[in-house]
Amino acid sequence: METGNETLSTDFILLGLFPGMRHTGLLVSIVLLVYTIAITGNTTLIFLIWADPRLHTSMYFLLSQLSLIDLAFISSIVPKMVTNFFSGRRRISPTGCGAQVFFTLALGIAECLLLTFMAYDRYVAICHPLKYSIIISRQVTHLMSVGSWVGGALASLVHTSYALHFPLCGPRELHHFFCEVKAILKLSCKDTSDYEKGVVMTSTAVVLLPIGLILTSYTLIFLQVLQMNSPEGRNKALATCSSHLTVVTFDYGPATLIYMRPGSSHTPILNQALFMFDTILTPMLNPLIYSLRNREVGGLMRKVLGRYLISK
């Protein structure tokens with residue numbers, strides 16, 4: 001009995017989506033539906049890019065990596081949240097909590113890095129098409145992918161290990177639907193202001209620097225597009241860029257408001273809404289955006305769905 005009590009006392013309690021809200025069951029059911037759509041959409045997109053030789057290019061390889069990150073991102077949060085809600089158990093072990101913090105940070109940072117590399121890929125493809133195969137070789141594309149994953153993992157490892165070393169006081173109740181760094185720091189017995197300043201500085205590097213590089217890439221791209229004589233080429237370039245820019249907006253917008261907004265730690269409900277959009281809705285929307293805005297992907301999606309419906 002003592003061992004069991006000790007285990008329970010060290011567990012964190014996740015209060016879930018918007019504690020005290022009515023009709024939480026309906027909201028969780030909607031989240032589960034969104035999760036199913038996200039898994040289906042991203043898995044289908046990865047399969048199409050892998051199976052169709054026409055999509056064996058750097059742009060689509062990076063897009064498949066984005067879908068893979070989205071799959072891992074949403075899967076690191078939703079299954080535990082849904083299981084806790086329907087089972088009535090709101091606890092998560094310290095190991096499980098630390099793992100969730102690590103993976104959500106690592107995947108979030110990796111996605112930011114990958115979106116920056118994707119913007120550079122589009123810049124080279126549109127502004128330097130004759131040198132594209134030389135600059136963006138298969139080896140360079142793989143380095144971009146590995147760099148995103150490794151960069152996210154290393155940055156997350158530093159933050160996770162440092163954030164979890166603070167001693168905690170009182171009940172380990174997290175006003176959140178997953179283990180998140182800021183929510184955990186609120187339970188600390190020590191002053192964490194210096195570390196929180198470090199988080200803001202890191203967020204500035206991870207968010208503002210990539211945004212600056214992405215905006216620079218697209219400024220040069222749009223200047224190049226304005227000089228194109230072919231309406232078809234111009235429309236194709238704009239369609240590709242608009243898909244990526246929409247994804248960038250959905251990804252960076254909530255992250256910027258959460259980590260760089262003054263006093264964000266005092267608005268837990270707003271933060272939960274922003275996290276829901278960033279970690280749950282965005283992974284569902286990304287494959288839909290690329291399917292609707294990209295003719296090749298959209299055409300293949302319709303063809304696969306058509307075959308599936310005919311077979312039924």
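Only the coordinates and a few stated rules stand behind these numbers; no lab work does. What you are looking at is a predicted structure, and each value in this text was computed from that prediction instead of being measured. Don't worry about glycine lacking a Cβ; one is built from the backbone with ideal geometry, like all the others, and counts go over all protein chains shown.
Could you tell me what a quarter of the Cα convex hull surface of the range 82-202 works out to, in nm² with one decimal place?
Working: hull surface 39.8 nm².
With the hull built on Cα positions only, its mean projection is 9.9 nm².
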How large is the convex hull of the Cα atoms of the range 12-53 per residue, expressed in Å³ as a whole number? 73 Å³
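What is the range 139-248's relative contact order, in percent, from Cα pairs under 8 angstrom and six or more apart in sequence?
On the way: 31 pairs, mean separation 17.0, N = 110.
Computed value for the range 139-248: 15 percent relative contact order.
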Among Ser75, Ile134, Leu270, which residue has its Cα furthest toward the positive end of the charge dipole of the chain, with +1 on Lys/Arg Cβ and -1 on Asp/Glu Cβ? Ile134
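Determine by what factor the alpha-carbon radius of gyration of the chain differs from 2.2 N^0.38 Å, reporting the quotient.
Normalised by 2.2 N^0.38 Å, the Cα Rg of the chain equals 1.09.
Any idea what the alpha-carbon Rg over 2.2 N^0.38 Å comes to for the range 128-275? List each step's numbers first, then the result.
Values: Rg = 20.3 Å, N = 148, 2.2 N^0.38 = 14.7 Å.
Scaled against compact globular proteins, the figure is 1.38.
Relative contact order (percent) for the range 18-87, with alpha-carbon contacts under 8 angstrom and 6 or more residues of separation? Intermediate results must be reported in sequence, preceding the final value.
Details: 30 pairs, mean separation 25.5, N = 70.
For the range 18-87, the relative contact order is 36 percent.
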Picking from Arg122, Arg91, Arg138, which is most flexible by a Gaussian network model of the chain using Cα springs under 10 Å? Arg138
Once every Cα of the range 2-129 carries one equal point scatterer and solvent is ignored, give the base-10 log of I(q)/I(0) from the Debye formula at q = 0.09, 0.18 Å⁻¹, two decimals. -0.40, -1.05
Per-residue HN-Hα couplings for the range 173-182 [Karplus 6.51, -1.76, 1.60; θ = phi - 60°; Hz; x = Gly/Pro]: 9, 9, 7, 7, 9, 7, 6, 10, 3, 5
Which of the DSSP-defined H helices in the chain satisfy a minimum axial length of 27 Å, computed from C-alpha atoms, and a minimum mean Kyte-Doolittle hydropathy of -0.5? 24-51, 94-127, 138-163, 231-260
Take the range 104-170, compute every pairwise Cα distance, and split them into 5 Å bins from 0; I just need the percent in each bin. 4, 17, 19, 16, 13, 10, 7, 5, 4, 2, 2, 1, 0
Checking Thr192, Thr44, Thr104 against a Gaussian network model of the chain (alpha-carbon springs below 10 Å), the top fluctuating residue turns out to be Thr192
Which number do you get for Rg(Cα) / (2.2 N^0.38 Å) in the range 134-199? 1.60
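Applying 1/(1 + (r/R0)^6) with R0 = 30 Å to the Cβ-Cβ distance of Asn235 and Asp52, what FRET efficiency is obtained, to the nearest 0.05? Show your work: numbers first, answer last.
Working: r = 22 Å, r/R0 = 0.74.
It comes out at approximately 0.85.
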Estimated D of the range 85-139 in µm² per second, where Rh is the Kirkwood radius over Cα pairs and Stokes-Einstein applies at 37 °C, 0.692 mPa s: 226 µm²/s
For the chain, Cys with no neighbouring Cys Cβ under 4.7 Å: Cys112, Cys127, Cys241
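Tell me the relative contact order for the chain as a rounded percent, counting alpha carbon contacts under 8 Å between residues six or more apart.
Worked out over the chain, it gives 26 percent.
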